[in-house]
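Below: the structure, in structure tokens.
The values are calculated or read from the model by the stated rules, or taken from the named source; none is laboratory data. In this text the structure is predicted, and so the values were computed from the model without any measurement. Heads up, the Cβs are rebuilt from the backbone with ideal geometry, glycines too, and the neighbour counts pull from every protein chain shown. Protein only, heavy atoms only, side chains kept; ligands, DNA and RNA dropped before computing areas. Shrake-Rupley method; radii C 1.70, N 1.55, O 1.52, S 1.80 Å.
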There are 2 protein chains.
Amino acid sequence: MNTNPPTAHTVKSFDEDLRQLRLLIGEMGGLAKDQVDRSVAAIVARDADAAQAVVQSDPRIDRIEAEVEQLAIATIARRAPLADDLREVIAALKISAVIERIGDYAKNNAKRVNSIAQDSPIRPMVIVPEMARIVSQMVDDALDAYARRDPELARDVWKRDNSVDEYYNSLFRALLTFMMENPHHITPSTHMLFIAKNLERIGDHATNIAEVVYYSATGEHLTDRQKADETVYTVSEDVEGEQER
Amino acid sequence: MNTNPPTAHTVKSFDEDLRQLRLLIGEMGGLAKDQVDRSVAAIVARDADAAQAVVQSDPRIDRIEAEVEQLAIATIARRAPLADDLREVIAALKISAVIERIGDYAKNNAKRVNSIAQDSPIRPMVIVPEMARIVSQMVDDALDAYARRDPELARDVWKRDNSVDEYYNSLFRALLTFMMENPHHITPSTHMLFIAKNLERIGDHATNIAEVVYYSATGEHLTDRQKADETVYTVSEDVEGEQER
């Protein structure tokens, strides 16, 4: 990653710090992905104990984020890295902040298990595990792309976000219809809406990681096209496309 | 902010960079607070044009965030700041990322204006402007605390988050009741739920800024007590306290 010819000693020390940063991020990311999977499993099974275990595991992710920050600051202070290397350290900080948020969304979903645990099943919920499977795979692949510095895998993750948005939009519509059928469906369906929204945001965050990885590897932004679209006021996935109905 | 005795020249150069970073963050924060206010005004007035203007202003915030990142990296590379100063630069990066998210939530809220624009008023909506006023003031004061390095103001912002959560919880309950009265209320009320949730998250983000400011100024964490609570699985505001009903 070092494009300038520094002394072997400097490179080795910095590389060792960076390797350690990447290890921490790998560990943190693995935990967050695990939290996503376990929270969805708890929701599907309506298992309050499993949900509680997810909530209780969240501080571990927060602790690793604090370690990443400390190590990043120590690395910069000790090694005074040049521009490209410095960018790598900053990227590690950004990615760890994103992973922390993924963990938060998984925790928030787990906390909703009690609110959806009632006798009558929420029919549209069948879409949730499939949506969660795609999102969890995106998180996994974004972390892989980071570990392997693989811009093609990062771009692939980035593209998959559209299908998450489609799942979310159909779930949103299905849940609204389900709520209209019977007032008793309203409370649990509202929690399912937030669960689905959180999954959609986890997908967005996997996409954010992919963007950082792609930019680090290529110097180009994956987001330019998206950003341009956002300046136009149109029906947009992130408001559930409800205006289309 | 420099506790070690460096040369006057080094201090002056670094201080100038830091001053520039803080100016950018002040500008960015002012814009984000403005977006929050304008999005809520558009929602209350159901003014699609005003909402569109909010959506179109969002990329300005993103551009300043990119400037902050570039300047932060340049500052570290040029000045090789010592530990305390380095922490200040990293804090600036973190705060700019949080402000960007506040802008995103305001934009997302603005996009929902069309979805709530229908003839029948959403009665529980009267709570929204009041909740928004508190949240907007929190953002303003968190930025002030940052500009003035004022830990007491930061702690004050942090405390106010509880009242935002209370507003959110009452709005959540009121909206559910409103939905149960009439199926036609369900779609617009769902969007109002997301709007309220976004406001609540903006309050969380103002709290995050306050935490960073407090830690920078005192070396102590405002969050220790909160963090300890989170490890216990209880009814919690961020799942709307629905289990209590």
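Within the range A:23-48, being farther than 12 Å from residue A:136 by Cβ and open to solvent by less than 40 Å² (accessible area, probe 1.4 Å) holds for A:24, A:25, A:28, A:31, A:42, A:43, A:48. What do you reckon, is residue B:56 surrounded by fewer than 17 Cβ atoms within 10 Å (Cβ to Cβ) and within 22 Å of the chain's Cα centre (by Cα)? Judged against the criteria, residue B:56 is a match. You will find that of A:240, A:230, the residue that is out of contact with any Ser or Thr (no Cβ under 7 Å at 6 or more places or on another chain), modelled with pLDDT under 95 and buried (at least 23 other Cβ atoms within 10 Å of the Cβ) is A:240 and no other. Can you confirm whether residue A:107 is within 21 Å of residue A:219 (Cα to Cα) and of a type in the set (D, E, K, R)? No.
Working carefully through the options B:51, B:74, B:97, B:80, find the one that is crowded, with 21+ Cβ neighbours inside 10 Å and either of a type in the set (S, T, N, Q) or at the interface with another protein chain (Cβ under 9 Å from one of its Cβ atoms) (or both). Exactly one residue qualifies, and that residue is B:51.
Residues in the range A:121-158 that are aliphatic (A, V, I, L, M) and without any contact (Cβ under 8 Å) to a residue 12 or more places away in the chain: A:126 alone. Does residue B:110 satisfy the condition of being under 16 Å from the mean Cα position of the chain (by Cα), of a type in the set (A, V, I, L, M, F, W, C) and either open to solvent by 50 Å² or more (accessible area, probe 1.4 Å) or within 14 Å of another protein chain (Cβ to nearest Cβ) (or both)? For residue B:110, the condition - under 16 Å from the mean Cα position of the chain (by Cα), of a type in the set (A, V, I, L, M, F, W, C) and either open to solvent by 50 Å² or more (accessible area, probe 1.4 Å) or within 14 Å of another protein chain (Cβ to nearest Cβ) (or both) - is met.
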